[in-house]
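To start, the structure itself, in structure tokens.
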Amino acid sequence: MAVPVFAPWDDPTQKPLIQFKGVTKRFGDFTAIDNQTLDIYTREFFALLGPSGCGKTTMMRMLAGFEQPTEGQIVIGGKDMKGVPPNEREVNMMFQSYALFPHLSVWENIAFGLRRMNQPKDVLEARVEEMLRLTRLTKFAKRKPHQISGGQRQRVALARSLARAPKLLLLDEPLGALDKKLREETQFELMDIQENTGTTFVIVTHDQEEAMTVASRIAVMDEGRVIQVATPSNIYEAPNSVYVADFIGDVNIIEGAAKRAGDGYDITWAEGVPPLHTRKEEGELISIPDGGKAYLAIRPEKVAIHTEKPQGMTNAVQGRIIDVAYLGNLSTYHVRLANGTMVRAQTANTRRLALRPFTWEDEVWLSWTDTAAILLAE
């Protein structure tokens with residue numbers, strides 16, 4: 001039996017857990033968040049993604065109650081949060097620094113928040129043991145934070161945040177202090193814990209790979225505005241702007257003038273060369289007037305590289321390999337076309353390095369299908 005797809009945002013009968021309604025936040029003359037409306041659903045692992053200073057941390061701090069909106073409304077679980085202090089919200093926050101108590105054991109760190117709730121001893125102990133099992137820390141319960149690894153400290157902070165069973169857990173760059181390999185492993189642990197607890201997670205990150213890995217949906221932000229909200233696959237395959245296409249993953253952007261042609265558009269992009277063609281996919285709403293400025297966004301892995309001109313390909317361009325980035329499993333070829341445009345093509349290294357057919361200064365052809373390029377108006 002097929003597992004039902006988790007997509008409450010596509011179900012009009014579902015009510016969001018969190019609603020930003022026309023929220024603006026100003027600090028003096030500076031507008032940090034500019035009239036933003038956003039819905040987040042129960043059990044989502046939602047990512048706020050963007051560069052430093054884009055407003056994502058301000059969004060999180062307003063959810064936590066550390067900041068109040070200048071205008072607009074934030075609703076959590078159907079309740080307006082105006083004037084509700086942080087300690088009265090069913091929200092917990094896990095900071096980048098973890099903020100563990102160095103003089104307390106792992107067990108006591110997890111129990112700290114429960115003690116402040118005056119939980120009965122047996123209930124408190126059962127909950128701490130449950131959190132230790134969930135985060136695989138049982139055998140480290142008696143150790144102090146300095147006696148465990150960075151990844152284990154991260155799990156202690158997570159267990160402490162979840163112990164009080166909040167409706168919403170906010171994670172502020174939670175994996176920033178971990179090395180790359182441990183960060184990748186911990187991402188999957190976070191996903192498992194979130195799924196097992198059913199808690200709604202909202203993560204703030206500037207790491208696009210992290211957001212793509214853990215999130216059910218991503219909000220890409222820039223200068224206080226949410227530019228696009230979508231699933232990781234839609235953000236990558238169907239960005240709504242050059243900004244989003246360029247921010248998420250590697251991409252080639254080719255600028256030109258658009259003209260309707262059959263099932264899509266021809267893009268005139270350089271003198272003396274044939275136009276590039278992109279086919280409009282069913283359901284795509286973009287419409288560009290003839291002669292209007294347009295951009296083609298093409299992911300490097302969708303660009304094929306050839307020694308000879310490929311036959312039967314509408315989109316084929318010639319250039320010279322200027323650089324090669326060898327990444328072990330992949331190689332990225334930087335190819336300069338005749339008009340100076342740089343296009344990157346990426347191939348899987350299925351053969352030994354010495355057997356690769358392309359290298360620096362080789363003349364090559366690049367090609368891609370009519371549906372590989374994404375047509376963007378801005």
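Loop-located chymotrypsin sites (Phe, Trp or Tyr not before Pro) across the range 26-123 with a Cβ neighbour count of 14 or fewer within 10 Å are 66, 95, with loop assigned by DSSP. Farthest towards the positive end of the charge dipole of the range 8-243, among the residues 224, 49, 119, is the Cα of 119, using unit charges on the Cβ of Lys, Arg, Asp and Glu.
Selection among 58, 166, 145 by position relative to the dipole of the range 8-243 gives 145 as farthest towards the positive end (Cβ unit charges, Cα centre). Considering only alpha-carbon pairs that sit under 8 angstrom and 6 or more positions apart, the relative contact order computed for the chain is 14 percent.
Entry note: the range 1-64 has Rg to Rh equal to 1.08, where both radii use alpha-carbon atoms and Rh is the Kirkwood radius.
Between residue 207 and residue 7, the modelled label-to-label distance comes to 2.9 nm, taking each label 7 Å out from Cα in the direction of the beta carbon.
For the range 250-376, the normalised intensity computed at q = 0.18 Å⁻¹ comes to -0.95 (log10 of I(q)/I(0), Debye sum over alpha carbons, equal scatterers, no solvent). A simple packing score, the average count of other Cβ atoms within 10 Å per residue, orders the peptides 151-163, 118-130 as 151-163, 118-130, with the highest score first.
Of all beta bridges that DSSP places with both ends in the chain, some 75 percent have antiparallel geometry. The Rg/Rh ratio for the range 163-311, using Cα coordinates for both the radius of gyration and the Kirkwood hydrodynamic radius, is 1.08.
With N counted as the residues of the range 302-378, its alpha-carbon radius of gyration over 2.2 N^0.38 Å works out to 1.12. Here the chain is treated with +1 on each Lys and Arg Cβ and -1 on each Asp and Glu Cβ, and its dipole about the Cα centre works out to around 1580 debye. Length, then width, then depth: along the principal axes, the Cα atoms of the range 1-137 run 51, 47, 29 Å. Scaled against the 2.2 N^0.38 Å expected of a compact globular protein of N residues, the Cα radius of gyration of the range 8-243 reads 1.02.
None of the figures in this text is laboratory data; all of them are computed from the coordinates on show. Only a predicted model underlies this, so the values are computations on that prediction, with no experimental measurement involved. All Cβ positions, glycine included, derive from the backbone under ideal geometry; neighbour counts span all protein chains shown.
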